[in-house]
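Single-structure report; data block below.
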Amino acid sequence: MADPSTYRPAPGAIPTSPGVYKFRDAHGRVIYVGKAKSLRPRLSSYFQDLAGLHPRTATMVTTAASVEWTVVATEVEALQLEYSWIKEFDPRFNVKYRDDKSYPELAVTLNEEYPRVQVMRGAHKKGVRYFGPYGHAWAIRETVDLLLRVFPVRTCSNGVFKRARQVGRPCLLGYIGKCAAPCVGKVSADEHRALAEDFCDFMAGRTGNYLRRLEEQMQEAAVEMEYEKAARLRDDIGALKRAMEKNAIVLADATDADLLAVAEDELEAAVQIFHVRGGRVRGQRGWVTDKVEDVDTAGLVEHALQQLYGGAGPDERNESVPREVLVPALPEPAAPVREWLSGLRGSQVDLRIPQRGDKKDLMATVQRNAQHALALHKTKRASDLTTRSRALQEIADALELDSVPLRIECYDISHLQGEDVVASMVVFEDGLARKSEYRRFQIKGFEGQDDVRSMHEVISRRFRRYLQEREQTGEWAVPEEPDEDQPGDGQRTEDGRPKRFAYPPQLLVVDGGQPQVAAAQRALEELGIDDVALCGLAKRLEEVWLPGEDDPVVLPRSSEGLYLLQRVRDEAHRFAIGYQRAKRSKRLTAGELDSVPGLGETRRQALLKHFGSLKRLRAATVDELCAVPGIGRRTAETVAAALSSRTPAAPAVNTATGEIIEDGADEAAEPVAAAPQTAPSQETP
């Protein structure tokens, strides 16, 4: 625990200008980002007597080892820089947003020649009109299905659209009247764009004039005895009204506003937002926030506004910012936030607290939703928090650790009969997987099957890199030892950003028994590391092995600590097998085609996709090869000659069951760090 007086800036060194400041820990990692109208009084407040600080603030300043600041010209610039730094550094003591999934929105791609209506998630793109967000994608599809009867805008993907143009035949929606079929020229590009713009106008709330126009056309058709046309218009009007009924009018005068409410207690807060467009509630979203810093309701509102609208760049107009933003408490000061929102929108934004009337009543509804969300979250999380805390404490007690292991790293080796030997490193922090910290390794020191040597190599490489990065900060001096980059490491980031191997674990877990633990311990001793706890988890009886011990530690089967160790070990196993399968699949599917002259990556993938495996590709005739798009006769003859001149490799055999393992091309490689848990496999972990 650091003494804040050791890194307190000299008197008079802190400017009185607006700015943004960062606290860093002993490893140089940014742990807190804040902004201030005047830096000197704000930073000085952190270095008073610890007894006078809020407990969370006291924890932050004793964890930090240094503080630095950046001066800006205005408070608006400070707000923008604070948001970008929080996104970049992910400081542990700043407010964290959980359950902030990417909400679906209805998007109209007006930036294309033939605009398309579709469901989109994630960051907004330039030239695309967005409506929502919605709680569920099916709610968007129901609305679109009703509106396509009146506004038959295309909804197909670019691939389907291109295919329809090639064959000269529209898709099913074009036949049933729910698409104007611009792909086959039933309407021109300008006519189709006009349909898309009418669709956008209707979704934006300008519904009255359009409905009146349709009713007038229906009456005229009836007078002229065009009864089929009148009936079609009548059904169109009914479809539009049903779509409108899904969003009841809550505010008069076609108001565009976002209403934000906060429900909080000492530790957490729930944020709820209602998006009102054209007087109707078009969408709803919410977050749950850990109050890891000393922040009041106004501060939570400011953080929520940054999270909600901060995705656009400083020079990019954010169409999601409405004319009014209604909040339960105004940020202090409110003028910079109001100016920032107005700059994002490109016109004046009214940020205020509703005082009376319909808007105050609707704010009460949003507040009730926030309170319900907080209560529901606490109900779900109570047992989870208790379980995780108990699991970490049980591990600390069983392994006789000085403190609970907040960061656990686990390593596993995977190969198939000694080929494609790889290793994985997974990280759990506070009992939860931290997938951004996962790493994977290729075993380079030797060839063949030797799990013990592989474990020694991986641990040595991981902690050698850790020592090298500590040496760069001057915390630890070690001799230069060259080491090659591991796959998936990425590029080295600047100081303060999340690095590859910059932070040591409190507990290192290896998948295996005494031999693997001994190899890992030997690697740590060779590097002079003696402050990292080590254990191994053997699969046979789920025994926990400690270095130098002849007998394992046996945790009860009902132990939450054992369950957490099993989850960590299984995740490392899954991650290693996923990488190993991907390497094997790439080797088996692409190896024989790589050397075919004139065959690039695109056409190799086209061949494999068309035939499904190398086995079927070898059996294909020249005419069948020519049927693949992009493959001419000369290329087909070259491919057929190259494959026929090679003898296929003997199939791999599962020695336990005698089962022949099929071509790797027929099984999909697992996505890295995102696939579900895999069942037991024939691969050797």
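Filtering the range 510-533 to residues that are open to solvent by less than 20 Å² (accessible area, probe 1.4 Å), under 13 Å from residue 410 (Cα atoms) and in contact with a helix residue (DSSP H, G or I) (Cβ under 6 Å, 6 or more places away or on another chain) leaves 510, 511, 520.
Here the condition is being within 16 Å of residue 200 (Cα to Cα) and open to solvent by 20 Å² or more (accessible area, probe 1.4 Å); of 141, 165, 154, 169, it holds for 141 alone.
Within the range 165-221, the set of residues being touching a strand residue (DSSP E or B) at 6+ places or on another chain (Cβ under 9 Å) and either part of a helix (DSSP H, G or I) or free of Cβ contacts under 8 Å to residues at least 40 places away in the same chain (or both) comprises 196, 197, 199, 200, 203. The criterion of at least 2 residues that are closer than 19 Å to residue 310 by Cβ and small (Gly, Ala, Ser) is met by the following helices (runs of 4 or more DSSP H) wholly inside the range 35-123: 75-89.
Restrict the check to the range 431-439 and report whether at least one residue is open to solvent by 40 Å² or more (accessible area, probe 1.4 Å) and in a helix (DSSP H, G or I). The answer is yes, given that some residue of the range 431-439 is open to solvent by 40 Å² or more (accessible area, probe 1.4 Å) and in a helix (DSSP H, G or I).
Residue by residue, here is whether (1) surrounded by 14 or more Cβ atoms within 10 Å (Cβ to Cβ); (2) modelled with pLDDT of 90 or more; (3) in a helix (DSSP H, G or I) holds:
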| position | (1), (2), (3) |
| --- | --- |
| 347 | no, no, no |
| 359 | yes, no, yes |
| 365 | yes, no, yes |
| 391 | yes, no, yes |
| 415 | yes, no, no |
| 426 | yes, yes, no |
| 447 | no, no, no |
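Every residue, every condition in (1) modelled with pLDDT under 85; (2) over 25 Å from the mean Cα position of the chain (by Cα), yes or no:
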| position | (1), (2) |
| --- | --- |
| 131 | yes, no |
| 135 | yes, no |
| 149 | yes, yes |
| 158 | no, yes |
| 167 | no, yes |
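The set of residues in the range 449-463 that are among the polar types (S, T, N, Q) and open to solvent by 40 Å² or more (accessible area, probe 1.4 Å) contains only 449. Checked against (1) assigned to a strand (DSSP E or B); (2) open to solvent by 10 Å² or more (accessible area, probe 1.4 Å); (3) in contact with a helix residue (DSSP H, G or I) (Cβ under 8 Å, 6 or more places away or on another chain), residue 269 passes all but a single condition, namely (2). Test each condition in (1) open to solvent by 30 Å² or more (accessible area, probe 1.4 Å); (2) over 20 Å from residue 336 (Cβ atoms); (3) under 22 Å from the mean Cα position of the chain (by Cα); (4) of a type outside the set (Ser, Thr, Tyr) for residue 104 and report the one that comes out false. (1) is the only condition that residue 104 fails.
Put simply, of 336, 405, 328 the only residue that is open to solvent by less than 20 Å² (accessible area, probe 1.4 Å), in contact (Cβ under 8 Å) with a residue 24 or more places away in the chain, more than 30 Å from residue 570 (Cα to Cα) and not charged (D, E, K, R) is 336. Among the residues of the range 35-56, those that are touching a helix residue (DSSP H, G or I) at 6+ places or on another chain (Cβ under 7 Å), closer than 21 Å to residue 86 by Cβ and open to solvent by less than 60 Å² (accessible area, probe 1.4 Å) comprise 35, 36, 46.
Residue pairs whose Cβ atoms lie under 7 Å apart, separated by 6 or more positions or on different chains, with the first residue in the range 1-26 and among the β-branched types (Val, Ile, Thr) and the second open to solvent by 60 Å² or more (accessible area, probe 1.4 Å) and part of a helix (DSSP H, G or I), are 14/40; 16/40. All of (1) open to solvent by 20 Å² or more (accessible area, probe 1.4 Å); (2) at pLDDT 90 or above hold for residue 482 with one exception: (2).
Only one of the numbered conditions (1) at pLDDT below 50; (2) over 39 Å from the mean Cα position of the chain (by Cα) is not met by residue 661, and that is (2).
The values are calculated or read from the model by the stated rules, or taken from the named source; none is laboratory data. The shown structure was predicted, so the numbers you read here are calculated from the model rather than taken from an experiment. Every residue, glycine as well, gets a Cβ built from its backbone with ideal geometry; the counts of neighbours run over all protein chains shown. Accessible surface is based on the protein model in full, side chains and every heavy atom, while ligands, DNA and RNA are left aside. Shrake-Rupley method; radii C 1.70, N 1.55, O 1.52, S 1.80 Å.
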